[in-house]
Amino acid sequence: NKPGGCFVQHVTGGCENAFCCDKVCAVDPACCTTDWDAACVTRARAVCSSDNCEDALPIVGAGPFPFNNTAATTDGPEHRACRQDSAEDQIAKDVWFCWTSSCTQDVYVRTCGQTTVDTRLAVYEGCECPVSETNLLECNDDSCPADGQQSVALFRAAAGRQYLVRLGDYPGSVPGTGTMTVSCGPPAQVNCPATGNCCSDNSGTTGCADETCC
């Protein structure tokens, strides 16, 4: 567990998320003994989304938290609350995060503007598996204001408590990569962060990848 984000290059070995660091260094030991270079970042993006509820990736803070559900399986249950305007109850190809709250207030988990995946989000009380209707707090599909395929899950959190975040896609849609953010209280701009370097011309895209700057 060393300083430096797992998805950002830095000149020390290891990264700040022990779960992700262990997974990357098991594949490429040099990532923990030399620099955490571009190859280590690429490996982190490939292996640090947890496909299984029992191995949910521990996260804290706002993110953004990269995800990759390209090769994920579906291991969570269906929920009628996920259906909303569709006929599908399932969150397909789900990946899992265990988020520890730093606040007691409404929390927003969102993928707005951060992926091309037709996302679905569910949040559960606690990080115990398997999950069920009993500990489901929220399930959302297609609630971002600027597009018809991204999601915002809103729930009431308590400081120090843990919550499972389940991110997947609409059944039958194309999986992929992107990021997810979490905010205590409503975000200033629901579509930030998005994609692209905040200090470069990203003509044709909305927003940028750094939430504060965006």
Output yes when any residue across the range 85-104 is surrounded by fewer than 15 Cβ atoms within 10 Å (Cβ to Cβ) and not in a loop (DSSP other than H, G, I, E, B), and no when none is. no
Selection from the range 31-46 of residues surrounded by 15 or more Cβ atoms within 10 Å (Cβ to Cβ) and in a helix (DSSP H, G or I) yields Cys31, Cys32, Cys40, Val41, Arg43, Ala44, Arg45, Ala46
So, in the range 82-106, of the ones that are of a type in the set (A, V, I, L, M, F, W, C) and modelled with pLDDT under 90, which residue ends up farthest from Ser183 (Cα to Cα)? Ala87
Please verify whether Ala122 is among the small types (Gly, Ala, Ser), touching a His at 6+ places or on another chain (Cβ under 9 Å) and modelled with pLDDT of 90 or more, treating the condition exactly as stated. yes
Regarding Val8, is this residue over 26 Å from Ala158 (Cβ atoms) and buried (at least 23 other Cβ atoms within 10 Å of the Cβ)? no
Any residue at all in the range 68-76 that's on the phi < 0 side of the Ramachandran plot, open to solvent by less than 30 Å² (accessible area, probe 1.4 Å), touching a residue at least 12 places away in the same chain (Cβ under 8 Å) and outside any loop (DSSP other than H, G, I, E, B)? no
Taking the range 116-145 and keeping residues open to solvent by less than 20 Å² (accessible area, probe 1.4 Å) and polar (S, T, N, Q) leaves Thr119, Asn140
Determine which single condition Gly113 fails, assuming it passes every other condition in (1) open to solvent by 20 Å² or more (accessible area, probe 1.4 Å); (2) more than 18 Å from the chain's Cα centre (by Cα). (2)
The range 11-30, subset without any contact (Cβ under 8 Å) to a residue 24 or more places away in the chain, in a loop (DSSP other than H, G, I, E, B) and open to solvent by less than 80 Å² (accessible area, probe 1.4 Å), residue nearest to Cys98 (Cα to Cα): Gly14
Note on the range 146-180: residues open to solvent by 30 Å² or more (accessible area, probe 1.4 Å), within 20 Å of Pro193 (Cβ to Cβ), of a type outside the set (D, E, K, R) and in a loop (DSSP other than H, G, I, E, B) are Ala146, Gly148, Gln149
Name the pairs: first residue in the range 81-95 and over 16 Å from Val152 (Cα atoms), second residue of a type in the set (Lys, Arg) and surrounded by fewer than 16 Cβ atoms within 10 Å (Cβ to Cβ), Cβ to Cβ under 6 Å, at least 6 apart or on different chains? Asp89/Arg80; Asp89/Arg83
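The values are calculated or read from the model by the stated rules, or taken from the named source; none is laboratory data. Since the model is a prediction, treat every value here as computed from it, not as a measurement. Positions of Cβ are generated from backbone atoms using ideal geometry, with glycine treated the same way; all protein chains shown enter the neighbour counts. Calculation scope for accessible area: heavy atoms of the full protein, side chains included, ligands and nucleic acids excluded. Shrake-Rupley method; radii C 1.70, N 1.55, O 1.52, S 1.80 Å.
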